[in-house]
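Engineer: So that we are looking at the same thing, I have put the structure below in structure tokens.
Taken together, the values in this text are just the output of simple stated rules run on the coordinates, not laboratory data. Since the model is a prediction, treat every value here as computed from it, not as a measurement. Reconstructed Cβ throughout: ideal geometry from the backbone, glycine too, with neighbour counts over all protein chains shown.
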Amino acid sequence: MMGVIRDHTTPYKNLKTCHECGKRFRTGQEKVTLDIYDDPWAMNPCIVRVHTENDNGHGSCLDKMTDTSWADFRYFECQKCERLIVRQCLDNGWRSYVKTLDEEEVCVRCYQEMVLEDGENAEEFEKGHIPGDFYNSADISAHDWALVPGFHGAFINGKGSVIRFCNQALKLIADGHKVLVNLDSMGIGGSEGYVSLYVKA
């Protein structure tokens with residue numbers, strides 16, 4: 001899915017109709033007010049209401065907000081910042097806003113903040129996986145990361161290229177450096193594309 005890029009960082013309020021089903025609230029209906037984020041980089045939340053007691057055998061509107069078994073673009077609670085954030089970009093469904101770290105889901109904003117400061121862990125490279133995210137070049141520069149020679153826009157297209165990339169990252173980590181991976185352009189599923197390796201002391 002790719003549509004017209006919209007501004008999802010500007011907060012809005014939707015208190016008269018259910019954010020999940022779109023129906024107006026009737027007098028006496030049970031509902032809850034939620035702070036949600038349609039973009040992990042939004043500074044302020046959107047404020048919405050959803051039904052809580054309208055379960056028709058498939059969960060209430062509140063349940064459906066986070067239930068990925070029936071629809072995409074559900075919300076999740078980031079285990080680091082504790083915000084309720086949409087799982088994927090509303091304009092480009094291939095762009096996930098979730099990273100799993102130690103079996104906990106964190107948003108990409110928290111993930112990037114951690115990696116920009118501390119670098120990637122060796123674990124994923126040891127498994128033969130290339131971690132990383134789509135970083136803003138200004139953020140990379142502001143945190144004093146430097147490109148690794150020969151690994152700017154490295155083409156990943158199979159096991160050999162993955163191993164070469166991971167081995168370079170592991171060597172730098174073993175030498176006491178921190179590493180960061182910017183996904184310059186990566187195909188769906190991460191099977192092919194271009195990535196860049198950054199390093200700092």
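Engineer: Could you quote the convex hull projected area for region 1-102, Cα atoms only and averaged over all directions, in nm²? Could you put the intermediate results ahead of the total?
Structural biologist: Numbers: hull surface 29.5 nm².
Orientation-averaged projected area of the Cα hull: 7.4 nm².
Engineer: To the nearest 20 Debye, how big is the dipole of the chain about its Cα centre, given +1 on the beta carbon of each Lys and Arg and -1 on that of each Asp and Glu?
Structural biologist: For this selection, approximately 660 debye.
Engineer: Beyond 21 Å, how much of the Cα-Cα pair distribution for the chain remains, as a whole percent?
Structural biologist: Percentage above 21 Å: 59.
Engineer: In debye, nearest 20, what is the charge dipole magnitude of region 119-200 about its Cα centre with +1 on Lys and Arg Cβ and -1 on Asp and Glu Cβ, if you could check?
Structural biologist: It works out to roughly 260 debye.
Engineer: Treating only the Cβ of Lys, Arg, Asp and Glu as charged (+1, +1, -1, -1), what charge dipole size does region 13-101 show about its Cα centre? Round to the nearest 20 debye.
Structural biologist: For this selection, approximately 240 debye.
Engineer: Now for a different question. Over 31 Å between Cα atoms, which of 99/171; 64/127; 80/200; 13/200 qualify?
Structural biologist: Flagged as over cut-off: 64/127; 13/200.
Engineer: Using a basic spin-label model with each label point 7 Å from the Cα along Cα→Cβ, how many nm lie between residue 121 and residue 171?
Structural biologist: Spacing of the two 7 Å Cα→Cβ label points: 2.5 nm.
Engineer: If you bin the C-alpha pair distances of region 82-201 every 10 Å from 0, what whole percents do you get?
Structural biologist: Histogram of Cα-Cα distances, whole percents per bin: 13, 46, 35, 6, 0.
Engineer: Work from the charge dipole of region 119-200 (Cβ charges, +1 for Lys and Arg, -1 for Asp and Glu, about the Cα centre) and give the residue of 160, 195, 138 farthest towards its positive end.
Structural biologist: Checked the options; the winner is 160.
Engineer: Highest GNM mean-square fluctuation, the chain, Cα pairs closer than 10 Å: which of 43, 186, 65?
Structural biologist: Among 43, 186, 65, the largest GNM mean-square fluctuation belongs to 43.
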